[in-house]
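One structure is given here, and the rest of the page talks about it.
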Amino acid sequence: AESLRMRRKKRAVRDTWDPFQLNPAGAEKEQKRRCFQLAQHLVAVLVGLAVLTTAVVAKGSLLVLSTLSSPMSRRTPKDKQFYMLMMMFCLVFPNVLVFLKSLWRCSFKSFVPPKMKIMAFICLIEVLVSLGTSVLVLVVMPQFDVLTNLFISGGVCIVSAIMQIIFRLQRDNWKIVFPICSLILTSIGYCMLGIDYYVRVTSYVDRQGSDCYIYVALGIFSSLLVSLCWWENSLQATNRMQDTLSQLDGFRDFVFVISSILRILVIGAVYLIYHKLIAKTIIWDNFILRDGELLKTGLVLFFLQAFCSAACHWFGVVACKIHSVRMSFALPLCCTGPAMLLLGIVLFFTLGWKLDNGTKAESIIGEFFLFLYSFFLEFCDKLLYLNSKNTSAVLLELTRSMCRTSLNSHYFQWPFAMLALEGVCMWSGLVTCTYYVWKIKVQRIERTSQLFVRRLYESAFIDLSLLLNTKMKVPKAKTQERSCVIYLCATMWHETYDEMLKILTSMFRLDRYRGDPKEDHKDCFDFECHILMDDAFMTDDDTNKRLVNSYVNDLIHVVIEVYRVFTNKEPDDVSIIETPYGGRLMFVLPEGNMLYVHLKDKLLIRNKKRWSQIMYMYYLLGWKGYIVKNPSKIPQLNNFSRASLVSLDSETFVLPQYDNDNKRKFISDDNTYILALDGDTDFHPKAVILLVDRLRMYDNVGAACGRIHPTGMGPMVWYQKFEYAVGHWLQKTAEHVFGSVLCSPGCFSLFRGSALMDDHVLKRYSTTAQRAQEYVQYDQGEDRWLCTLLLQQGWRVEYNAASDAYTNSPQEFEEFYNQRRRWGPSTLANTLDLLHSGPETVKRNESISGIYVFYQMFTVGSSILGPASVTLMIASAFQFVFRLTGTLSIVVACVPPVFYILICFLTKSNTQITIAGIMSVLYAFLMTASFFSIIGDMVIQQTFLTPTGLFLISMAIMYLITALLHPEEFFLIIYGLMYFICIPSGYLLLTIYSLVNMNNVSWGTRETNKGGVEQKKLHNLLCDKTCRCCCWDMKIQVMDEWINELCCFTGNPGNRASDISAARGSDYTAHPSQSNHPKRNTSTPSLNAGASHQTTRQERRSQGRDCKTSNWVHPVKEEFLKKLTYFNMKRNLQEQIRYALRNKDYDEVCEDLVLMLTDTLNVELNSVGPEDVLSDYQLEELQLALNRQARQTLKTNRMEKLEKRVKLAIEKTLAAPQVQKLEENENDFWNKLIERYLKPISHSKEHQEEVNRELKSLRNKVEPLTLMFLLSFAILLIHHFTLTFIFFLTGCTF
C-alpha cells in the first residue's frame, strides 16, 4: 500500500506527456516477510524441543538399562546379562558411526600422512577417555541408584573448568568467576556423594554394604578420565600447541579411524574383564534368548538410546547453524537434567495407579503424599512385595531404585539433603563451566568443525558432551574483514531488452544493498560491475562507418530506465571512452559504485564468451593488479591529478573510478573475487553474499556456484526446470559431498583471483584451439574447462544450494538441441581429461580421491548405458501395449535409434533437429503408454516386484523424498511427468545428435544479429520515405553525412544548418541563442593534465562535446544528452538536492530548496519544451540562476555551510556526458593484450578445411561410443533372453 501511494504521488505532477516508466520485477527493496520471520521462530522452537526430547530419551534409556542390569534388580541373571550387553552396544554405537564417517572421508578426501608422536598422544587420550566411560557406565552405574547415576555424570566438566582457570581463557577478568565456581561446585558435589553413601552404610539403607566406597572412588576417578575428552577445546582457545593442532587437522580423519577402533576394543575389554573375570556374571548359554518380551524390551531401549543420542547431536548442530544457539541449543541441553528429574518424580506418582494387590489407587496416592510428611518408608516397604504381573517392569525397577536412596533410612531423614545438594552442585557446575556457549556468535556459513572440537559425541552423556564439545573460542569469521573486492563481470551476446533488464536490475540491487562505499556495512566488500558486450558494432552499408548496433542501443536504454526506477533521475556521471577493442561506457551507480560497459568490436578483438572472460581476467587481475601493486612503475597513479578529485565541504575525495583502484592496493589476490555472469542472469544480493562467504572462510575454495533456476515458458522450459532441479538436488550435491563440483556454471559463479592467477590456469585458459579435441573442450564448454583447470591445480569448487540465481533457458526445441550439442561433447571431453589426469589430480587436490575418480568413471559408464536402458524401457512398452514378444519388441525398439543415426550422418543439422522433434513427440506418446503399461503390469501380476515396477517406484520415491527436503522447490515435482515422457528425446536422440555432430563447433544459440539489420535507422537520418510506382516499391533515405559532403563539395558549408533544419522540420529547432554565442574551442584537452576542479562549465563541456571522436560516439552521446531536457532536469534537480541533504537535520531546508529551485527552473525555462535539449548558453544561465537562488535560500535558513553541497548537486544536474580518452599506459596494455592473446582469428581456407577434417576424424574416433551403445543393447538383450529362459524353466511368466 505504501508503494502504491508513492507511485500515485509521483504521477500527480506531470511535466511531460510521457511520464510513464517501467518497473522491473525485483526493483523494490527487499523486506523480510512476517510469515517468514514467524516460520524462523517456529523452526527454532521445534528444533529446541527436538534437542530436549531426544536428550531426555537418550539419557533416560541409559538410566533404565543401568537400573535393569543392576545387581540389586529383581530381574533374573539372564535378563541382567542381556541388558548389560545392550549398555555396551550403546557405548559402541557412536564409535561405529565415527569410524564409518572417518573411513568415508579418508576414502573420498586426501589427507596428510599422520605423525606418529601426535597420533600416539591422541590415541592415548582416547584410550583413557574410553576406559573412563566404560568403567563409569558398565561397572559403577549399575551399583548406584538411578538418582545418583543422574547426578554423577555432571562431574565430567571438572578438567575443563581447571584448564579455563589455568589458561585464563576469559576475555573479561571477572568472568574467571564462572570456572572457579564450577570447580568448587563440582568438588562439593563429589564430597556430597561420599557423605551420602557413608550415611547409607551407617544407617543400613537397603542393606548397603561397605564395598560401595570402592565404586564411589571408581566413579570419581572415571569421571576425571572422561573429562579429558575435551582437552583440545581449552588448548585451541588459548592458542597453545597450535602447530600440533594444525598438523592434527590434516590427518584427523585417519586418527579417528584408528581411535574409534581402539575405543571399541577398550569398551569390549572392560566389559569382558569385569563381568567375566571379576564379577563372573557372564554365562555364554544365556545369550541364547527365547524370551521375546526380554528381547523386545532390550532392543527398544538400545534403539532409543542409540538413535536419540545421534538425533540429539544432529539437532544440536542444526540449532547452531540456524543461529539459534541460546534458545534451541544451550537452553534445552542445560534443562535436560532437571527435566529428567521431573520426569522421574512423575513416574513415581504414576506407580500409584499401577499397583494391583487389592490396594486402591487413591490410598496409595494418599500415602505418597504423606511421604512428604515422613511416611515414605511405608511406601517403599510395600514396593518390596509387588510383582510385575500387572505392573511395568521398567517402572517398578525405577521406583525401587529410588527407594535405595537415603530417603529410605529408618534412622535419619536429613541425609537425603546430601543427595539433593549433590545434584544441585553438579548441575550448577556444568552450567557455570559452559557459560561461554550462551555468548557464541555463529556466522552465516559455519562448518561443524568450526563449531565443535570433536566429531565424536559421548552417547552416555549426550547433553554434557554437546555443551563441553562446543568451542570456547569460535574462529573469527573472515567475513568481517574489509579487505575484499568483487568484480561483477557479465558477458553479453545478442541479449534481448528484457534479458538486459534482468542483469542491470540485479546490479542496481547490489548497489543499493551495499550502499555508499565510504560507509560501514554489515557485509564489508567493495565491488565494480563490468559488462562485456560481444559483437557491439556494425558497418553501415551506405556510409561504410562503424556504428554501434541496436543491442548497444537497447543496453543504453535499459541503463537509463533502471536508473530512473531506482533513483527517479537520469544517470549522473556518464563517460564515453574510445578503446583499442572498441569502446567503453562508464557510469557511477546511485550509491557511488562503478558500472563499466565494454563494447567489443569483432574486427578489433576476438568475440565469444571465453575470450571475453580472458579479456576481463587479464584486465582486472593482470593490469589492475599490476598498477596498484607497483605504483612506482606508473607515476600518474601515484599522485592523483586534480581532475580525479572532488571537493565537498572542504574535504577532498577520490572519484569512484579512481577510489576502487586505490583500495585495491591493500587487498590481496586471495580476497579479490570475480563473479562471472551471463547477460540474462537475475540474482539478489544475498545470493552473492553466500558465495563470498564460501571463499572468504575456506582458503582452498577456488570457485563456488549457486542454484541455477531456468526461466521461461513452454514445454521445453518445463523439462529443463525438473532437469535442473534433479541435477542440483542430486548430482551437484553428491559431487560437493563426495569430492568437488566439476562444473561451476558461467552464468552465476564466483572465482577467487589467486586461483585464476595460479600456474596452468589462466595462461592455459587463454590458449587458442588448434586441434579438433581442443575446439570441443575449450570453446564448447568454457566454464567446465576452467573448473577442470582449477581442480587439476588443487583448488576446490563448491556448491551452495541457498544461493539462487535465475537465467533464461532455451524455449525452442532447436535452440535446446543446439545448446546441449555443445554441452554434451564438452562435458565428456573435460571429464575424460580429468580422469586421464586422475592420479596427478589426486596428489594435488585434497578434495579428490581415487574413489571419487572411480565414481566419475561410473557416472560416465552410466551415461553410456543410458540409451540402452531407454531402449529397453521402450521395448517393454512395445511388449505390453502391442503384445509383442520380448525379442521382437527389442528389435522394434532398436529401429528408431538406428534410423536416426543414419539421418544424422546423411542430412543437415536443421533436418536432423526437425526429425528429432517429430520422433520426440512420438516417443512422448509411447512413454505415456509405457507409464501406464508398467502400472498395468504391476496390477496384472499383483506385485510391484517387477524390474520395471521397482525402477519406477524407486525413482518416484527418490524424487519425492528429495523434493520434500527442498520445500521451496517442491512444486517442481509437477514437471517430473514432462521429464519422464521426454526421456527418449533427452537421453537417446539428443545423445546421438550430440555425438554425430561433434564436428560442428558453432555456438548454435543467439546466432541472429538484429543489429546489422535494424541499425540502418540512424540517429542522423534526415528523410525516410517509401514510394510506390506501379508494382515497384522504392525507399528514399537522406543522410546527414550526405548533406555535409554535398555542402563541402559545393563549397557552401554555411547553408548546412538551414538545410538540415528544413529537412528535419518540426523535429529540429535551433535556439536563437546558439547563433549569437561564440564558437567553442574544438581542441581536445587532456583530462588528466592537472585541470582544476573549478574549471568553468564551458571548458568542461568543450572536453565532452567538441573533441574529435570516432563515428560511433556521437549517436551514443545523443542518447545521454536527453538528460538535459526540461522534464528530466526538473526531476533530477529535486532528487539531487534530496540526496545531497539526506541528513534528517536538513529536512526542512531541503524541502525549501526543492521548492524554490523548482520555481526558479520553471521561470527560467518557461519557453522551453519539455523534451527539448538545452544549449550550452541556456545551461550556463540556468546554473547561475539556480546558484543565486540556492545561496539566498540557504542564507534565509542560516545554513550557509551547505552551499558547496547544493552547488555540487546543481552542477551534477546540469552535467553533460563526457567523451574521454584512455590513459596512455592503459591504452598500451590493451594493444599488447590484443596482440598477444585476443587478436581476431583469421584462419585461411586451407586451415579451416583441415580443422573440419580433424573434427570429423574426432567424431569418427568417438564412434566407438556408439558401438558401445550397440554393445550395451546386446548385453541387455542377452540379459533379457537369460531371464526369459530362467522363467520358462521355472514355469513363471516374465
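The values are calculated or read from the model by the stated rules, or taken from the named source; none is laboratory data. Keep in mind that this is a model prediction, so the values were computed, not measured. Cβ atoms come from the backbone with ideal geometry, glycine included; neighbour counts cover every protein chain shown. Ligands, DNA and RNA are excluded from the accessible area calculation, which covers all protein heavy atoms including side chains. Shrake-Rupley method; radii C 1.70, N 1.55, O 1.52, S 1.80 Å.
Side notes on the structure shown:
- Listed values for segment 196-204 are Karplus-derived 3J(HN,Hα) couplings in whole Hz (6.51 cos²θ - 1.76 cosθ + 1.60, θ = phi - 60°), namely 4, 6, 5, 5, 4, 5, 6, 9, 6, and x replaces Gly and Pro.
- Global geometry of segment 857-905, whether rounded, prolate or oblate, following the gyration tensor of its Cα atoms and the 1.5 cut on a/c: oblate
- At most 16 other Cβ within 10 Å, DSSP loop - chymotrypsin sites (Phe, Trp or Tyr not before Pro), segment 888-966: F944
- Fraction of accessible area attributable to carbon and sulfur, segment 513-634 (%, probe 1.4 Å): 45
- Estimated inter-spin distance, T887 and R844, nm [label 7 Å along Cα→Cβ]: 5.4
- Each 10 Å bin, from zero up to the one with the longest distance, holds this percent of the alpha carbon pairs of segment 1140-1255: 11, 27, 16, 11, 12, 10, 8, 5, 0.
- With protein chains left intact and a 1.4 Å probe, residues in segment 840-908 average 52 Å² of accessible area per residue.
- Judged by the ratio a/c of the largest to the smallest principal axis of the C-alpha gyration tensor, segment 877-1012 counts as oblate, that ratio being 1.5 or greater while a/b is no larger than b/c.
- Prolate/oblate/rounded call for segment 68-116, Cα gyration tensor, a/c under 1.5 rounded: prolate
- Förster radius 35 Å - calculated FRET efficiency between Q941 and A802 (Cβ-Cβ, nearest 0.05): 0.20
- Nonlocal amide H pairs with D526, under 5 Å, H built at 1.01 Å: C484, V485, I486
- Percentage, to the nearest whole number, of Cα pairs in segment 751-859 over 24 Å apart: 33
- Working note: Karplus 6.51/-1.76/1.60 with θ = phi - 60° gives segment 982-990 the couplings 9, 4, x, 5, x, 10, 10, 5, 5 Hz, where Gly and Pro are set to x.
- Distance histogram in 5 Å bins (all Cα pairs of segment 126-167, percent per bin): 5, 20, 22, 22, 16, 10, 4, 1
- Kirkwood hydrodynamic radius of segment 249-330, from inverse mean 1/r over distinct Cα pairs, in Å: 16.7
- Average projected area [Cα convex hull, segment 97-254], square nanometres: 11.6
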